[in-house]
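J.: Take a look at the following structure, please.
What follows is calculated from the coordinates using simple rules that are stated; it is not laboratory data. Values in this document were obtained by computation on a predicted structure and should not be read as measured data. With ideal geometry, Cβ positions are generated from the backbone for all residues, glycine too; neighbour counts draw on all protein chains shown.
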Amino acid sequence: MASFASQLVPNAETTLIDLNDYEAPIYSIDKEKEGFPESMQKLSQYMKHFDGYIVSLAEHNGSYAAAFKSILDWLSRIQRSIFNHKPVLLMSASTGARGGASVLANASNYFPHAGASEVITFSFPKFFDNFSQGNIINHELNTLLSQKVLEFQDKL
């Protein structure tokens, strides 16, 4: 979804960050005492290069995926303002009817504390029914995402 949405922002250079490229141990204060993982230090520095962020979250048992939560914890300990006072288009997609609403609510409440200047949210339900061959096939969802992208673009 993040890749798809980034293509909707006109005249923007986008970079897809795959968090699988930034492995980190599960965060704990004991691990932090051993030092920050090099991958997290690199990601923290890399994130300073952007004017805004499009973040797409998976929902696991009503919350963040464990890997994302750990990365979020590490980054917040390196620099509290993870999102560097820039806007965030925050999205969730799921195969269910709620579209990841629980993780979206958790993240939209937390991200301003993590340096998001603005959080614009978009929930995408029933992914396999509404997305096919690289496109949103549900007209209402397509229109809503376009509106959210425009709102995000205005904040850049």
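J.: Put a dot 7 Å past each Cα toward the Cβ at Ile17 and Ser3; how far apart are the dots in nm?
T.: 1.8 nm
J.: A further question on this structure: Just check region 90-155 against the gyration tensor rule for me: Cα atoms, a ≥ b ≥ c as the square roots of the eigenvalues, rounded for a/c under 1.5, and otherwise prolate or oblate depending on whether a/b exceeds b/c.
T.: Taking the square roots of the gyration eigenvalues as a ≥ b ≥ c, region 90-155 is oblate.
J.: Relative contact order for the chain: what percent, with Cα pairs under 8 Å and sequence separation of 6 or more?
T.: Across the chain, relative contact order equals 23 percent.
J.: Can you put Lys48, Lys33, Lys86, Lys126 in order, fewest other beta carbons within 10 Å first?
T.: Fewest to most other Cβ atoms nearby, the residues stand as Lys33, Lys48, Lys126, Lys86.
J.: At 222 nm, what value in deg cm²/dmol follows for the chain if DSSP H runs of at least 4 each add -39500 (n - 2.57) and the sum is divided by all its residues, to the nearest 500?
T.: The helix-only estimate for the chain comes to -11500 deg cm²/dmol at 222 nm.
J.: Can you put Phe122, Phe131 in order, fewest other beta carbons within 10 Å first?
T.: Arranged by neighbour count, lowest to highest, Phe122, Phe131 become Phe131, Phe122.
J.: So, one more: Of Val9, Val88, how do they rank once you tally other Cβ atoms within 10 Å and put the fewest first?
T.: Val9, Val88
J.: From the square roots a ≥ b ≥ c of the eigenvalues of the alpha-carbon gyration tensor of the chain, which class results: rounded (a/c under 1.5), prolate (a/b over b/c), or oblate?
T.: Cα axes put the chain in the prolate bin.
J.: Report, by chain and number, residues whose modeled amide H sits under 5 Å from the one on Val55, excluding near sequence neighbours (fewer than 5 apart, same chain).
T.: Residues meeting the amide H criterion: Leu89, Leu90, Met91.
J.: How high is the FRET efficiency from Phe127 to His49, r the C-beta distance, R0 30 Å, rounded to 0.05?
T.: E(calc), rounded to 0.05, equals 0.50.
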